[in-house]
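Right, one structure below, let's go through it.
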Amino acid sequence: MKKILPFLFLTFVSLFIFSCDNKDDSDSDTYSRMRDITGSFTNGNGYAFTQGIDINQTDVVLVYRAAGNAWQQIPKSVYLPNSGTLPTNRVFDYNFVFDSQNVQIRIDDQNFDLGTQMTPAETTAYLNNQRFRLVLVPAQASKNASSVDYSDYNAVVKYYNLDETKVKNTKVN
């Protein structure tokens, strides 16, 4: 009996040694979250605004623009209708760039002067008080993340189990 007791004790202790492993399968504790950013594009801000964020370098930022009661993913090209005295074939892109500390939302590739060659209604609809939703997600959320249609805002919200009632809103300018 005395010879078996040390083996039982060793087995008991080894059980706790292996169960107290602090290593997780993932390298970070990033979790998905959302934030709304509202701002106006003007000549004074270079048709861009920046919002601070704090994510890991491996994480991903998705940006959606409020379009009525829906969200459309950007980058997104906007084709303005031809209008009497204004140039024809007016096009610009909503775009964004990000790093681990900032997201910049901007207008790119315009083929006309946004400040003078838009109607007041177009300026209101496309430049003033534009609302964007930033969705910050871990790059390696799961092996099934590749099956998510990131252009479908509702699919992203469902997949990452995001609570739209807790979205913070920030006015940037």
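Scanning segment 58-87 for residues that are open to solvent by 50 Å² or more (accessible area, probe 1.4 Å), in a loop (DSSP other than H, G, I, E, B), of a type outside the set (Gly, Ala, Ser) and over 24 Å from ALA155 (Cα atoms) yields PRO81, ASN82, THR85. The set of residues in segment 129-151 being at pLDDT 90 or above, assigned to a loop (DSSP other than H, G, I, E, B) and more than 13 Å from the chain's Cα centre (by Cα) consists of ASN129, ASP149.
Given the structure, is ARG90 in contact with a Leu (Cβ under 7 Å, 6 or more places away or on another chain), at pLDDT 90 or above and either open to solvent by 50 Å² or more (accessible area, probe 1.4 Å) or of a type in the set (Lys, Arg) (or both)?
On the way: in contact with a Leu (Cβ under 7 Å, 6 or more places away or on another chain): yes; at pLDDT 90 or above: yes; either open to solvent by 50 Å² or more (accessible area, probe 1.4 Å) or of a type in the set (Lys, Arg) (or both): yes.
Yes, satisfied.
Restricting to segment 29-50, count the residues that are in a strand (DSSP E or B) and open to solvent by 50 Å² or more (accessible area, probe 1.4 Å). Going through segment 29-50 one residue at a time, the tally reaches 3.
Going through THR85, THR38 one at a time, which residue ends up being among the hydroxyl-bearing types (Ser, Thr, Tyr) and touching a strand residue (DSSP E or B) at 6+ places or on another chain (Cβ under 9 Å)? Give the steps one after another, and end with the answer.
Details: THR85 fails: touching a strand residue (DSSP E or B) at 6+ places or on another chain (Cβ under 9 Å).
Being among the hydroxyl-bearing types (Ser, Thr, Tyr) and touching a strand residue (DSSP E or B) at 6+ places or on another chain (Cβ under 9 Å) holds for just one of THR85, THR38, which is THR38.
Tallying residues that are in contact with a strand residue (DSSP E or B) (Cβ under 6 Å, 6 or more places away or on another chain), in a loop (DSSP other than H, G, I, E, B) and crowded, with 17+ Cβ neighbours inside 10 Å within segment 93-128 yields 0. Pairing each residue of segment 151-173 that is within 24 Å of ASN129 (Cα to Cα) with any residue that is among the hydrophobic types (A, V, I, L, M, F, W, C) and open to solvent by less than 40 Å² (accessible area, probe 1.4 Å), provided the two are 6+ apart or on different chains, yields C-beta distances under 7 Å for GLU164/VAL157; VAL167/MET34; THR170/ILE37; VAL172/ILE37; VAL172/PHE49; ASN173/PHE49.
The values are calculated or read from the model by the stated rules, or taken from the named source; none is laboratory data. Given the structure is predicted, the values throughout are model-derived calculations rather than measurements. In this analysis, Cβ positions are derived from the backbone assuming ideal geometry, glycine residues included, and neighbour counts consider all displayed protein chains. For accessibility, only protein heavy atoms count, side chains too; no ligands or nucleic acids. Shrake-Rupley method; radii C 1.70, N 1.55, O 1.52, S 1.80 Å.
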